[in-house]
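Participant: Mind having a look at this structure? Questions to follow.
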Amino acid sequence: MFKHLKAVSGDPLLALIMAHKQDSNPKKIDLGVGVYKDDNGHTPILKSVKKAEAILLEQEDSKSYLGIYGATEFEGIIKDLILGEGNPLINSGRIRSTQTPGGTGALKVSADFISANLKDARLWVSDPTWGNHQSIFDSAGVEVKYYPYYDPATNGLRFDDMMAILEAEAQAGDVLLLHACCHNPTGIDLQFDHWKIITDFVNKRGLLPLVDAAYQGFGDGLDEDLAGLRHMAANVQDMLIANSFSKNFGIYRERCGGLSVIAASAPEANAAFSIIGQAIRANYSMPPAHGAAVVYTIMSDPALKAEWELEVTAMRDRINDLRAKLVAKLAASGVSKDFSFIQDQRGMFSYSGLTLEQVRKLRSEYAIYIADTGRMSIAGVSDNNIDYLCESIKKVVG
């Protein structure tokens, strides 16, 4: 039955991580993995999470099913985090939110919802974007188109080119996917003025915005990072928002995310939400409970919430400090390339501007593992390896 099948190539980033694990060089550095790491290269469990789990251990009294949308009380947590507590949209009834298995689960349900209900809709994504965006929407039969985003000549944003392509080619009914903050893989974010321009264009052209909010809190702050998203939500009729709690709560393996739908009216939002429920039932039936219970416990306890906010701030500050140190040490090394743009980027990732040849030389000669695109995870840099990293880049770049 399966004799005709041929193995497919694996995810290149996962292959990179595996190659790093198998490397015996004691100086090896993994700059491919997309998780937060401390200075010892460890992905810690947040103290607020451990305390919440202790509470759950004592209070949890059942492992019964929760239902398609997960815990009903979790809907309010998603709305508050994404839109901000007290946002008028929350009480309007125009937004409904469901728990999902991570941000990936939210995107998969979005893809199925779009495929089944928005016939002929095409998805516009940035070039480049998170590698799994294409796979998720391909699997749902949604055509994926790319708009310009990253400029390798300036290591900056091609906003004018982005809008020119969308003006020329985006059609009414198409879906426009935007990264809320901490763009993966480039680290180059849209500015607030860009969000205002895009919001006006979405309304004029009749597009459905789908915002991927995977890294809230890792750019400039929990509220600051979603300022553009919130402006858009307040000024469009319809919108989808996929968010992840994996990064800002450090609960990667618990698979906890959310999908929110905003519609022109409460009845329309409820209708869309019911159809989203059908897509959930056909995909995974219901989401896992533990991660959402942890998040809910933290967000419902003022002391735990305050502690969690401090922990998010500490993770963000460490990454931003590492960016500054990396830029300073590279400049001090006398490297011929100007890497100052790295300090202007946000989040875990950076498009380093390194060529494929340079990346492969770093890997083969210095055991430094960076994606072929030049994307590096800043979270993989530490005070223990930054000098070796900068010395190696200097040797390769000149």
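Participant: Determine which lysines satisfy two conditions relative to K119: a Cα distance under 16 Å, and not lying fewer than 8 residues away in the same chain.
Facilitator: K145
Participant: Could you give the size of the charge dipole of the chain about its Cα centre, using +1 on the Cβ of each K and R and -1 on the Cβ of each D and E, expressed in debye and rounded to the nearest 20?
Facilitator: Dipole about the Cα centre, nearest 20: 1020 debye.
Participant: Taking only the alpha-carbon atoms of the stretch 114-196, what semi-axes of the equivalent ellipsoid follow from 5 times the gyration tensor eigenvalues under a square root, in whole Å, largest first?
Facilitator: Over the Cα atoms of the stretch 114-196, the ellipsoid semi-axes are 23, 15, 11 Å.
Participant: For the stretch 63-145, report the convex hull volume of the alpha-carbon atoms normalised per residue, in Å³, without decimals.
Facilitator: Roughly 139 Å³ of hull volume per residue.
Participant: Can I ask one more? Could you state the number of Å between the C-alpha centres of the stretch 37-106 and the stretch 188-243?
Facilitator: If we compute the Cα centre of each part, the gap is 21 Å.
Participant: What are the semi-axes of the equivalent ellipsoid of the stretch 158-244, taken as the square roots of 5 times the eigenvalues of the Cα gyration tensor, listed largest first and rounded to whole Å?
Facilitator: Semi-axes from the Cα gyration tensor: 21, 14, 11 Å.
Participant: Taking a temperature of 37 °C and a viscosity of 0.692 mPa s, what whole-number D in µm²/s does Stokes-Einstein yield for the stretch 108-153 with Rh from Kirkwood over alpha carbon pairs?
Facilitator: 295 µm²/s
Participant: Further, regarding this structure: Looking at the stretch 1-109, which chymotrypsin sites (Phe, Trp or Tyr not before Pro) are DSSP coil and have at most 12 other C-beta atoms within 10 Å of their C-beta?
Facilitator: Of the chymotrypsin sites (Phe, Trp or Tyr not before Pro), the ones in loops of the stretch 1-109 whose Cβ has at most 12 other Cβ atoms within 10 Å are F2, Y65.
Participant: For the stretch 65-300, what relative contact order do you get, as a whole percent, if you take Cα pairs closer than 8 Å and at least 6 residues apart?
Facilitator: It rounds to 29 percent for the stretch 65-300.
Participant: Sort H4, H290, H179, H20 so that the residue with the fewest other Cβ atoms within 10 Å of its own Cβ comes first and the one with the most comes last.
Facilitator: H4, H290, H20, H179
Participant: Sort H183, H194, H42, H133 so the one with the fewest other Cβ atoms within 10 Å of its own Cβ comes first.
Facilitator: H42, H194, H133, H183
Participant: Counting only helical runs of four or more DSSP H residues, what would the 222 nm mean residue ellipticity of the chain come to if each run contributes -39,500 (n - 2.57) and the total is spread over all its residues?
Facilitator: Result for the chain: -14500 deg cm²/dmol, rounded to the nearest 500.
Participant: Still on this structure: Of the DSSP beta bridges with both residues in the chain, give the percent that are antiparallel, rounding to the nearest 5.
Facilitator: In the chain, approximately 50 percent of DSSP beta bridges are antiparallel ones.
Participant: Would you mind ranking T98, T154 so that the residue whose beta carbon has the fewest other beta carbons within 10 Å leads the list?
Facilitator: In order of increasing Cβ crowding within 10 Å: T154, T98.
Participant: So, in nm, how far is label N40 from label D387 when the simple model puts each one 7 Å beyond its Cα toward the Cβ?
Facilitator: 2.1 nm
Participant: Whole Å is fine, so just give me how far the alpha carbon centre of the stretch 297-337 lies from that of the stretch 366-389.
Facilitator: What the calculation gives is 16 Å, centre to centre.
Participant: What pairs from K28/K395; K21/K47; K79/K325; K108/K305; K47/K108 go past 26 Å between their alpha carbons?
Facilitator: K21/K47; K79/K325; K108/K305; K47/K108
Participant: Separate question: Per the Kirkwood treatment, what hydrodynamic radius in Å, one decimal, follows for the chain from the mean inverse distance over all distinct Cα pairs?
Facilitator: One decimal place: 22.1 Å for the Kirkwood radius.
Participant: Just the number, please: Stokes-Einstein D of the stretch 65-300 in µm²/s, Kirkwood Rh from C-alpha pairs, 4 °C, 1.567 mPa s.
Facilitator: Translational diffusion coefficient: 73 µm²/s.
Participant: Write out the chymotrypsin sites (Phe, Trp or Tyr not before Pro) in the stretch 229-308 meeting two conditions: DSSP loop, and at most 16 other Cβ atoms within 10 Å of their Cβ.
Facilitator: Answer in residue order: Y284.
Read the figures in this text as sums done on the coordinates, not as results from a lab. Here the structure is a predicted model, which is why all the values come from computation and not from measurement. Here the Cβ is made from the backbone with ideal geometry for all residues, glycine too, and neighbour counts use every protein chain on show.
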